[in-house]
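Q: Take a look at this one; I'll ask things after.
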Amino acid sequence: MENKPSPLFAQTIIDWYQRHKRALPWRDTTDPYLIWLSEVILQQTRVAQGLPYFRRFAEAYPTVQQLAAAPQDEVLRLWQGLGYYSRARNMHHTAQQIVQEYGSVFPSRYEELLKLRGVGGYTAAAIASFAFREKVAVLDGNVFRVLARVFGLSDDIAAPASRKVFQQLANELIPANAPDTFNQAIMEFGAIQCTPVMPDCLFCPFQQSCFAFNHGLVQELPVKSKAKAARARFFHYMVFVHDGEYYMRKRLSGDIWEGLYDFYLHESDSKTLDTARLLKELNDAGIAVEESHLLAPRKEYKHVLSHQKITARFYLIQLDFRLKEEVLQEARLAPYSSEKIEALPKPILIDSYLKDEKILLNL
Ligand code: SF4
């Protein structure tokens, strides 16, 4: 580290925050439930995108008891479009844990909060400091960037070992009399002043002392090693339809989109469908389909997740018979009308297809 920590840092960043902070609904509350809700929603999501989701959840479930009592399908449906669905499942599970194990009272200490499912160091620090004013510093992408630039830290922020270095510095900087405001301030500063690309150095209160600015290293800091290339996956969806009902299934654990609904999936290692293999697979599953039933897909859908790039094609297959009960059970499929599909939680890729094909009624 090149610049030494000083109490001036906290004062400067808090002053800046008082002048520039955005009015956001979760900043007007010390209710740990609402703070937790906002933090879960905002992880890996921009504020503009997360805000309507926060409002929807806070309105549908104003208390942790109401969230805990909601059916999982409903929670996932409300979450639809935000991605990272395990966050929604964990959130739902944690709400139930708080009701059952903590008598609906949120734990108030950082160490206790860490025991909740899906609550990592960042979220625990945010709840403990914002709701209970515990002196524990938050570390998120914004904080890493601000500290790396102002203090000249060149540790790779993607390496787990670097976390300790940044945490130690942040813990030295956070003031005991305003841990909540300090944490809000440093995150907000990273979000709107010291941004990843084109930070506003010209009108920055740290310009004189900022290590990166004074050494021409603003674009180089923070140091972040490249993530592994995303894995390419090719999904061929068989959309069986009979008598106005579409056969869908709930995805299981062990892969992406657990608990969401999609269609019969044939996955392959290329975007070209191996028809012979598919027909054999369907036949083995008791679904007698001939090659002439497979209409060429009109469009290709692409969906990028953090570690996967999905290319999907949909084959609409009109069946002139209803699939037998044992076949449905084996393939885990069930028929759904358009109205029922509307209420199901679905990956955004499936939702786009349903809308393109005008299968969903309320477009
Ligand atoms: S001078 Fe630039 S790089 Fe340094 S803290 Fe300010 S905005 Fe960030």
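Q: Is there a quick way to get the dipole size of the chain? I mean about its Cα centre, with the Cβ of Lys and Arg at +1 and of Asp and Glu at -1; what is the value in debye to the nearest 20? Show your work: numbers first, answer last.
A: Values: 43 positive and 42 negative charges, 163 e Å.
For this selection, approximately 780 debye.
Q: Tell me the relative contact order for the stretch 228-363 as a rounded percent, counting alpha carbon contacts under 8 Å between residues six or more apart. All intermediate terms of the calculation are to be shown ahead of the outcome.
A: Values: 213 pairs, mean separation 46.4, N = 136.
Worked out over the stretch 228-363, it gives 34 percent.
Q: Another question, then. Using Cα pairs closer than 8 Å and at least 6 residues apart in sequence, work out the relative contact order for the chain, in percent.
A: 17 percent
Q: Sticking with this structure for a sec: Tell me, what is the FRET efficiency for Lys340 and Asp274 to the nearest 0.05, using R0 = 45 angstrom and their Cβ-Cβ distance as r? Can you show the working numbers first?
A: Working: r = 32 Å, r/R0 = 0.71.
Working from the Cβ atoms, E equals 0.90.
Q: Placing one identical point scatterer on every Cα of the chain and ignoring solvent, what is log10 I(q)/I(0) from the Debye formula at q = 0.14 Å⁻¹?
A: Result of the Debye calculation: -1.14.
Q: Separate question: Output the peptides 165-177, 214-226 sorted from most to least packed, where packing is the average of other Cβ atoms within 10 Å over each peptide's residues.
A: Values: 165-177: 16.2, 214-226: 14.0.
By packing density, highest mean first, the sequence is 165-177, 214-226.
Q: I would also like to ask the following. In straight Cα distance, which lysines are under 19 Å from Lys280, not counting same-chain residues fewer than 8 positions off?
A: Partners found: Lys271, Lys324.
Q: If you don't mind, another one. Go ahead and run the numbers for FRET between Glu220 and Arg117, Cβ-Cβ distance against an R0 of 41 Å, rounding to 0.05.
A: Details: r = 37 Å, r/R0 = 0.91.
The value I calculate is 0.65.
Q: Ok, one more. Would you list, by chain and number, the lysines whose Cα falls below 16 Å from the Cα of Lys164, excluding same-chain residues fewer than 8 positions away?
A: Straight-distance partners of Lys164: Lys224.
Q: Report the calculated FRET efficiency for Asn171 and Gln18 (r = Cβ-Cβ distance, R0 = 22 Å), to the nearest 0.05.
A: Numbers: r = 23 Å, r/R0 = 1.04.
Here the calculated transfer efficiency is 0.45.
Q: Follow-up question, since we're still on this one. For the stretch 7-215, what relative contact order do you get, as a whole percent, if you take Cα pairs closer than 8 Å and at least 6 residues apart?
A: 23 percent
Q: In addition: For Arg163 and Ile192, calculate 0.36 nm times their separation in residues minus their Cα-Cα distance, and state this gained length in nm to one decimal.
A: 8.2 nm
Q: Which residues does the label zone of Ser209 cover in the stretch 136-158, counting backbone N under 17 Å from a point 7 Å along Cα→Cβ?
A: Answer for this model: 146-153.
Q: Please report how far the C-alpha centroid of the stretch 123-186 lies from that of the stretch 28-72, rounded to the nearest whole angstrom.
A: Each part reduced to its Cα centre gives a spacing of 23 Å.
Q: If Ile127, Ile14 are ordered by their accessible area, calculated over protein heavy atoms with a 1.4 Å probe, which sequence runs from highest to lowest? List each step's numbers first, then the result.
A: Numbers: Ile127 0, Ile14 20 Å².
Most to least solvent-accessible, the answer reads Ile14, Ile127.
Q: In deg cm²/dmol, rounded to 500, what helix-only [θ] at 222 nm does the chain give when every DSSP H run of at least 4 residues adds -39500 (n - 2.57) and the total is split over its residues? If you can, show how the numbers build up before the last one.
A: Working: 16 runs with 160 residues, N = 363.
One gets -13000 deg cm²/dmol as the mean residue ellipticity at 222 nm.
Q: Between the DSSP loop rule and a limit of at most 15 other Cβ atoms within 10 Å, which chymotrypsin sites (Phe, Trp or Tyr not before Pro) in the stretch 167-225 are left? Walk me through the numbers before you get to the answer.
A: Working: sites: Phe182, Phe189, Phe203, Phe206, Phe211, Phe213; in loops: Phe203, Phe206.
Those that pass, being in a loop and sparsely packed, are Phe203.
The values are calculated or read from the model by the stated rules, or taken from the named source; none is laboratory data. The model shown is predicted, which means the values in this text are computed figures rather than measured ones. Neighbour counts are summed over all protein chains in view; Cβ atoms, including those assigned to glycine, are modelled from backbone coordinates with ideal geometry. Quick note on the areas: whole protein, heavy atoms, side chains included, nothing else; ligands and nucleic acids left out. Shrake-Rupley method; radii C 1.70, N 1.55, O 1.52, S 1.80 Å.
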